[in-house]
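The values are calculated or read from the model by the stated rules, or taken from the named source; none is laboratory data. Note that the structure is a prediction, hence the values are computed from the model and not measured. With ideal geometry, Cβ positions are generated from the backbone for all residues, glycine too; neighbour counts draw on all protein chains shown.
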Amino acid sequence: MQFRNKFLDLSASKVMGILNVTPDSFSDGGAFNMLENGLTQAALMLSEGADIIDIGGESTRPGAEAVAVQQELDRVIPVIESIFQRFDTIISIDTSKAQVMTEAISAGASLINDVRALQEYGALDAAVAAKVPVCLMHMQGQPRVMQQNPCYDDVVKDVMLFLQQRISICRKAGISEDQIIVDPGFGFGKSIEHNYQMLANLEEFHKLNVPVLAGMSRKSMIGNLLQRTIDQRLAGNIAVATVAAQKGAQIIRVHDVKETVDAVKIINMINAYRNNNER
C-alpha cells in the first residue's frame, strides 16, 4: 500500500506502534503527552521494528470525554511535525475530526485512522482531499457510553456489514479501494464474548478485500479474561497479536512493539512456508 512517497508491503503482517499524547489514555496514562517524551518513545518504537507510528490526541477509552479541536491540534501537530522531520517512517493520525485530519496531513501524516469511520461532520471530505490511505473502524455508540450493554444479532456479520457500507460510501466519494483499511474495532462497543468471537473469525473480514488492522493491545478483553492489570497484560497482548497475524491481519496495532515484532516475524516465517507449500 502506498502512503504518500512510502510503500509498505502488506503481504505479511506489519506492526503499528501506539503513541498517545493525551493525559487520560487508558493504557499509558498520558506518559508520552510531552513533545520530548513523545519523540523518545517514537524513536524507541521505530528502533524496535515498528512500521507505522499512530499518534492520537483524544482518548477513546471507555468513558472518555470529547476533546475540543484546538486542544487536539495542540497535542498532535508538534509531535507529527517533529517525527516527520527526524524519522523516515509512516505517521498515522488517530482522529475523527476533519480539521485535525487536514492539519495532520499537512504536518507529515500519511494515514488517517478514524474510530468513527469518517462519519463525523466533514471527515469524509477531508479524507478525500488528503489523498492518503484511511482506516475505517467499527464502533457501536460513542466512547463515553459504548460499553453499556453492547448488543448484536451476529457480531461478525453486523460489523462486516457496517464496514462494507462504509467502504462503499468512501469509494463513491472518491477514495479508491486500494487506499482503504478496515478495523473491526475490538473493545469499541463489544462485550468480552463479542471480542473473542471476532478474533476467532477474523479471517472473515478478508472477504471485504481490503487490508485488516487489529488493535487489541492492553484492552479489557485481555485484562478481564486473565484478571490482569494493564501493566500485567504483556503475555495476553502477544497471544492475541499472534492469533491476529496467523489469521492474516495485515497491521497489528500495539503498545509493546519489540515483543510483538518478534512474534509477528515468527508467524510471517511460518506463513511464508505455508504459502510456498500451497503453490
Please go through (1) over 15 Å from Met198 (Cβ atoms); (2) without any contact (Cβ under 8 Å) to a residue 40 or more places away in the chain; (3) surrounded by fewer than 22 Cβ atoms within 10 Å (Cβ to Cβ); (4) not acidic (Asp, Glu) for Ile230 and return the number of the only condition it doesn't satisfy. (2)
How about the stretch 54-70: which of its residues are at pLDDT 90 or above and either in contact with a Phe, Trp or Tyr (Cβ under 8 Å, 6 or more places away or on another chain) or surrounded by fewer than 19 Cβ atoms within 10 Å (Cβ to Cβ) (or both)? Ala68, Val69, Gln70
Please work out which residue is surrounded by the most Cβ atoms within 10 Å (Cβ to Cβ), limiting yourself to the stretch 204-218 and to residues that are in contact with a helix residue (DSSP H, G or I) (Cβ under 9 Å, 6 or more places away or on another chain) and over 19 Å from Asn237 (Cβ atoms). Phe205
Would you check if Ala245 is among the hydrophobic types (A, V, I, L, M, F, W, C) and surrounded by fewer than 22 Cβ atoms within 10 Å (Cβ to Cβ)? no
Is it fair to say Ser191 is over 26 Å from Ser59 (Cα atoms) and surrounded by fewer than 24 Cβ atoms within 10 Å (Cβ to Cβ)? no
One residue from Thr95, Thr60, Thr40 being more than 23 Å from Lys131 (Cα to Cα), under 14 Å from the mean Cα position of the chain (by Cα) and among the polar types (S, T, N, Q): Thr60
